[in-house]
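Asker: Quick one: the structure is below, questions incoming.
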Amino acid sequence: MKDFSNKVAAITGAGSGIGRALAQALATQGCHLALADINESGLDETAAMLANSGVRITTQTLDVSNRDAMFQWADQVVADHGKVNLIFNNAGVALSGTVEGLTLEDYEWITNINLWGVIYGTKAFLPYLTASGEGHIINISSVFGLVAQPLMSGYNITKFAVRGFTESLRQDLDYTGSCVSATCVHPGGIKTNVARSARQSASVEQALGLSAEQASARYEKSFITTPEKAARVIINAVRKNSRRVLIGPDARIFDWMARFLPSSYQIIQLWVLRLLSDKPARNH
């Protein structure tokens, strides 16, 4: 897909961060937008920013973990716009805690949003993308879909799964000669509110000796890429029909670690975590 003019893009998580930046970038290229987010006020702010963009914009308050709501939204997008060419499955949440400290309900919460939201979005929109004659599915994973991190097992579960799902999907589409393609995106640290809005168990404070706010603040210091930069990279990747996209220098470092230090990278991760921690290192 080289040209986005008069195409229709559906974006989840459009009320802030990468989702909002994608909406803004696509609007400047004449792409009509169907925007969704569970945060109604953030969604309204995005729509207001684009009010004079000259493209058609529709909004939907949406919980991506709700299967029926996702399929109904896909139907509504086509009813409103006549077609849909792109789905950006961007909505996501973060969860931190030790495996012992996290509950089964915690794991279900993040899996329902980060993984099932992507699967629902893909399944709901794929028939309509095919009907459009030219479609693309963009699923947002993470650098933590490339390497695992201590205290982030729930997040790693979902982002590794999104990667595997999307890579398999892309091969399906290629093999069957579909007019639809797929790209998996692995952002590094992006300057969004995902860390600050993350769900954290008490086990994080016990492990690090830091409050949830202190831990988030220290992690956020490593977030060096803006959402606008991320959006530009993603849109360029769609043009190139890329299979995988790394966003930010930190993403390239993690990719290198996964390739060349497939097991020993864990030692590096532990060392970094101890630097962030206010608790002394333990000898094992």
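The values are calculated or read from the model by the stated rules, or taken from the named source; none is laboratory data. Remember, predicted model here, so these are calculated numbers, not experimental data. Cβ: placed from backbone, ideal geometry, glycine included. Neighbour counts: every protein chain shown.
Asker: (1) surrounded by fewer than 17 Cβ atoms within 10 Å (Cβ to Cβ); (2) part of a helix (DSSP H, G or I); (3) modelled with pLDDT under 75: which one isn't true of E228, the others all being true?
Answerer: Status for E228: all satisfied but (3).
For (1) in contact with a His (Cβ under 7 Å, 6 or more places away or on another chain); (2) modelled with pLDDT of 95 or more; (3) basic (K, R), each residue gets a yes or a no:
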residue	(1), (2), (3)
S142	yes, yes, no
Y155	no, yes, no
A161	no, yes, no
F165	no, yes, no
T176	no, yes, no
V194	no, no, no
S201	no, no, no
L208	no, no, no
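Asker: Moving on. Can you name the residue in the range 117-168 that is part of a loop (DSSP other than H, G, I, E, B) and of a type in the set (A, V, I, L, M, F, W, C) and is also nearest to the chain's Cα centre (by Cα) among such residues? Give the derivation first.
Answerer: Keep residues of the range 117-168 that are part of a loop (DSSP other than H, G, I, E, B), which gives 133-134, 141-142, 146-151.
Applying the additional criterion that residues be of a type in the set (A, V, I, L, M, F, W, C) yields 146-148, 151.
Numbers: L146: 14, V147: 16, A148: 16, L151: 19 Å.
In this case the residue turns out to be L146.
Asker: Would it be correct to say that T28 is modelled with pLDDT of 95 or more and among the hydroxyl-bearing types (S, T, Y)? Outline the logic, then answer.
Answerer: Working: modelled with pLDDT of 95 or more: yes; among the hydroxyl-bearing types (S, T, Y): yes.
Judged against the criteria, T28 is a match.
Asker: Sticking with this one: Any idea how many residues of the range 36-50 are out of contact with any Phe, Trp or Tyr (no Cβ under 9 Å at 6 or more places or on another chain) and either outside any helix (DSSP H, G or I) or of a type in the set (A, V, I, L, M, F, W, C) (or both)?
Answerer: Looking only at that region, the number is 8.
Asker: Residue by residue through the range 78-89, note down the ones that are in contact with a Leu (Cβ under 7 Å, 6 or more places away or on another chain) and part of a loop (DSSP other than H, G, I, E, B).
Answerer: Matches in the range 78-89: V84, N85.
Asker: Working carefully through the options S65, S53, S5, find the one that is closer than 23 Å to A230 by Cα, among the hydroxyl-bearing types (S, T, Y), assigned to a loop (DSSP other than H, G, I, E, B) and in contact with a helix residue (DSSP H, G or I) (Cβ under 8 Å, 6 or more places away or on another chain). Steps first, answer last, please.
Answerer: Details: S65 fails: closer than 23 Å to A230 by Cα; S5 fails: in contact with a helix residue (DSSP H, G or I) (Cβ under 8 Å, 6 or more places away or on another chain).
None of the other options fit; the residue is S53.
Asker: Shifting gears a bit: For the structure I just gave you, tell me whether V99 is in contact (Cβ under 8 Å) with a residue 60 or more places away in the chain and assigned to a loop (DSSP other than H, G, I, E, B). Give the derivation first.
Answerer: Values: in contact (Cβ under 8 Å) with a residue 60 or more places away in the chain: no; assigned to a loop (DSSP other than H, G, I, E, B): yes.
Taking the combined requirement at face value, the residue does not satisfy it.
Asker: Also, quick follow-up: If I go through the range 210-221 residue by residue, how many of them are among the hydroxyl-bearing types (S, T, Y) and either within 26 Å of I11 (Cβ to Cβ) or modelled with pLDDT of 95 or more (or both)?
Answerer: Qualifying residue count, the range 210-221: 2.
Asker: Of the residues that make up the range 103-117, is at least one buried (at least 22 other Cβ atoms within 10 Å of the Cβ) and either more than 29 Å from S263 (Cα to Cα) or touching a Cys at 6+ places or on another chain (Cβ under 7 Å) (or both)?
Answerer: yes
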